[in-house]
Amino acid sequence: MYLNRTVPHVEIEAVSQFLFHLLTGDVDQLPTETLVHNFWGLFSTEQNQAAKYLECLRKHNLTRVKCYPYTESYCGSRFGRKPPERLEQCRRLLANDINTTTAGVDNTTAQIFNNYHSCIQSYRRRVDANCIEVLRKAITNHRLRVTKVVRATMDSMRPLLSALPNLRVIHLVRDPRAVALSRIRFHSSGRGAYTKNIRKPESPIAAEALLYCHHVTANIRSRLALEREFPGRIMSVRYEDFVSNPERRFRDIYNFLDEPVPNATLAEMQKKAASGQAKNLTTKWQSKLTYKEAITIVQNCSDFFRLINVHVSANDPWL
């Protein structure tokens, strides 16, 4: 299990640069993989302002990128499926920081990366010729720009907060018991991807929670340091609080942004929160975890709960 992997500075810097280009509308600097990612179509209902860009991608058959299978066997299809050394080598090869000769890979592996680069370059030419300006306008025509990221660390936020004085960061965290349940019940393609290298874990769900807490606790500590450095520009939100009282949290967020509350967006958020409440998304774990699993998670994640000021008793882990 690659639990204690420290994120290299080069990755922290790359995430900061990526977000800077995205938020400022400098789309020419965005990687091709971002411009034609399948998520544009999968989450189309949550990206209304980018509807014209998605329409363009579909028109030019750019929504189903077929390059990724080339590298899956060597680099893995999801984070955590290959050791850090292999992931770093793949990152450098994919970014053209090194070539296959320098990397010392065999001819078969070299052909894998040659095929990938040839494929992705073909998509880049097509998206640049047909859709790039549509995306640029979708970003630059709006004064308020928002993006959700799930893999960025709080350490990646420091350069952004320094470079963009108007930037505000909202750090969303969720109860590890719910996160672990969600990961375990994920589609079979990703189930256990983060903990599959644990040698016969006693409890897969507890292992998932431990991994989540390990990374998020480090992120929280980084966020607390950033809050002292950039007061008033970072906000912490618990998923459970948002689902239980969406209007209050929604208004808190817009107050944090110094923006008026858009009623149409508020109504949409209330609808989504109601759906989450109906599905018991914040409490479902209580009926799915065993008592031993709940105890183990509470013990392993004690620092996480302490840092978010939530008291959870090891004697009653259902609270």
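Each value in this text was obtained by applying a stated rule to the coordinates, not by laboratory testing. If you're wondering where the values come from, they're calculated on a predicted model, not measured in any experiment. All Cβ positions, glycine included, derive from the backbone under ideal geometry; neighbour counts span all protein chains shown.
A few comments on the model shown:
- Between Phe39, Phe20, Phe250, the residue with the greatest mean-square fluctuation in the GNM of the chain (Cα pairs under 10 Å linked by springs) is Phe39.
- Taking amide H as placed 1.01 Å from N in the peptide plane, Ile170 has its amide H under 5 Å from the amide H of Met235, each at least 5 places away in sequence or on another chain.
- Region 9-140 shape via C-alpha gyration tensor axes, a/c threshold 1.5: prolate
- The residues neighbouring Arg233, those whose beta-carbon lies less than 13 Å from its own, together hold a net charge of +1 under the Lys/Arg +1, Asp/Glu -1 convention.
- Theoretical ellipticity at 222 nm over the chain - DSSP helices of four or more residues, -39500 (n - 2.57) apiece, nearest 500: -17000 deg cm²/dmol
- Modelled FRET efficiency - R0 22 Å, Ser44 with Val310, Cβ distances, 0.05 increments: 0.05
- Once you reduce region 208-225 and region 36-107 to the center of their Cα atoms, the two points are 26 Å from each other.
- Cross-link pairs Lys66/Lys271; Lys59/Lys148; Lys66/Lys272; Lys137/Lys279; Lys66/Lys288; Lys52/Lys272 - those with Cα-Cα distance over 31 Å: Lys66/Lys271; Lys66/Lys272; Lys137/Lys279; Lys66/Lys288
- Projected label distance in nm at Val10 and Asp303, using a 7 Å step from Cα toward the beta-carbon: 2.7
- Backbone phi angles across region 279-295, fed through the Karplus curve with coefficients 6.51, -1.76 and 1.60 (θ = phi - 60°), yield HN-Hα couplings of 8, 6, 5, 8, 10, 4, 4, 5, 9, 10, 8, 7, 4, 5, 4, 4, 4 Hz in residue order; Gly and Pro are listed as x.
- Placing pseudo-labels 7 Å out from each Cα toward the beta carbon at Leu257 and Arg86 gives an inter-label distance of 4.1 nm.
- Residue-wise HN-Hα couplings along region 33-47, as the Karplus relation 6.51 cos²θ - 1.76 cosθ + 1.60 with θ = phi - 60° gives them from phi, are 4, 6, 5, 10, 5, 4, 5, 4, x, 5, 10, 4, 6, 9, 10 Hz; Gly and Pro carry x.
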